[in-house]
1. May I ask you to say which residue of ALA105, ALA69 is touching a Phe, Trp or Tyr at 6+ places or on another chain (Cβ under 9 Å), in a helix (DSSP H, G or I) and crowded, with 20+ Cβ neighbours inside 10 Å?
2. List the pairs whose first member sits in the stretch 108-135 and is touching a residue at least 12 places away in the same chain (Cβ under 8 Å), whose second member is among the aromatic types (Phe, Trp, Tyr), and whose Cβ atoms are under 9 Å apart, counting only residues at least 6 apart or on separate chains?
3. Of everything in the stretch 82-117, what is closer than 20 Å to LYS48 by Cα and touching a Gly at 6+ places or on another chain (Cβ under 9 Å)? Give them in sequence order.
4. Residues of the stretch 86-98 being at pLDDT 95 or above and surrounded by 20 or more Cβ atoms within 10 Å (Cβ to Cβ), which ones?
5. Of all residues in the stretch 72-103, count the ones that are under 11 Å from the mean Cα position of the chain (by Cα), under 21 Å from LYS121 (Cα atoms) and not polar (S, T, N, Q).
6. What's the number of the only condition in (1) closer than 30 Å to SER47 by Cβ; (2) surrounded by 14 or more Cβ atoms within 10 Å (Cβ to Cβ) that LYS113 fails to meet?
7. List, please: which pairs have Cβ atoms under 7 Å, are six or more places apart or on different chains, and start with a residue in the stretch 32-49 that is under 16 Å from GLU107 (Cβ atoms) and in the same structural domain as SER95 (by TED's automatic domain parsing) and end with one that is among the aromatic types (Phe, Trp, Tyr) and assigned to a strand (DSSP E or B)?
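The values are calculated or read from the model by the stated rules, or taken from the named source; none is laboratory data. None of the values given here were measured: they were computed from a predicted structure. A quick note on method: Cβ atoms are made from the backbone with ideal geometry, for glycine too, and the neighbour counts reach across all protein chains shown.
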Amino acid sequence: MLLTKLSVAVGLAGVALAANAVTYTPGTYTEKVNGHNAAFTVKVTVSKNKIEKIEYPDNLETIGVGKVALEKLSKKIIDRQSLGVDNVTGATITSFALKGAVKKALEQAKVSKADMAKLMKNSEKYTALPAEIKTNVVVVGGGGSGLASAIAAQQAGAKVIVLEKLGILGGSTNVSEGALNAADPQRQGKQGIEDSIQKHYEQTMKGGHNIGNPDLVHYLTDHALE
């Protein structure tokens with residue numbers, strides 16, 4: 001009797017799964033889309049009832065930002081078999097581009113309007129943070145400076161919380177790809193480049209909307225080369 005009930009339950013689950021499955025015409029479909037940095041091609045491979053693979057081989061999106069969004073979103077779409085996934089904040093143009101390309105590729109795979117509605121339904125689940133969190137240090141901003149500060153505080157024995165509004169840690173340090181700013185009059189002068197520590201200071205203040213701490217900015221620019 002138990003085996004019969006179990007068989008019926010498994011059978012019904014299979015029927016429910018089949019009823020909810022989205023149907024595609026198997027194959028690989030491509031769609032070219034405008035990304036943040038340049039146009040790129042998205043390849044979507046589907047079997048009869050599953051999105052199998054999402055590729056973007058020629059993308060020129062930013063390392064540490066757009067490329068991370070492509071990886072995160074394609075994984076979510078495949079894992080959840082859904083287009084109802086959130087964009088990566090801080091890489092919204094890339095996110096919209098990828099999801100739009102996948103949607104058009106699935107339309108090429110002869111998805112019905114009813115199935116597309118299922119795919120577009122929100123699949124995200126959110127967990128609310130506790131009303132109160134106790135800590136010793138709160139670092140606002142998870143960029144290079146913020147993360148370095150958080151690590152130093154933690155190494156000094158403090159409990160630390162980092163608050164970051166974007167969907168990616170690293171800030172502008174990600175985008176710099178390892179480049180560092182420093183005035184070097186000796187080398188720059190030979191190349192006909194006019195630069196100075198004072199100019200670096202003024203440009204850094206201006207880039208920070210003139211709300212930076214002048215003493216700290218001076219320290220940065222005065223010691224940048226070394």
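1. Just a single option satisfies the conditions, and that option is ALA105.
2. Note: pairs meeting the criteria are GLN108/TYR29; ALA109/TYR24; ALA109/TYR29; LYS110/TYR24; VAL111/TYR24; ASP115/TYR24.
3. Matches in the stretch 82-117: GLN108, ALA109.
4. Hits for the stretch 86-98 are THR94, SER95, ALA97, LEU98.
5. Residues in the stretch 72-103 being under 11 Å from the mean Cα position of the chain (by Cα), under 21 Å from LYS121 (Cα atoms) and not polar (S, T, N, Q): 5 in total.
6. Exception for LYS113: condition (2).
7. Matching pairs, first to second residue: VAL33/PHE40; VAL44/TYR29.
Yes/no per residue for (1) modelled with pLDDT under 95; (2) touching a strand residue (DSSP E or B) at 6+ places or on another chain (Cβ under 9 Å):
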{"residue": "LEU17", "(1), (2)": "yes, no"}
{"residue": "VAL33", "(1), (2)": "no, yes"}
{"residue": "PHE40", "(1), (2)": "no, yes"}
{"residue": "GLU71", "(1), (2)": "no, no"}
{"residue": "GLN81", "(1), (2)": "no, yes"}
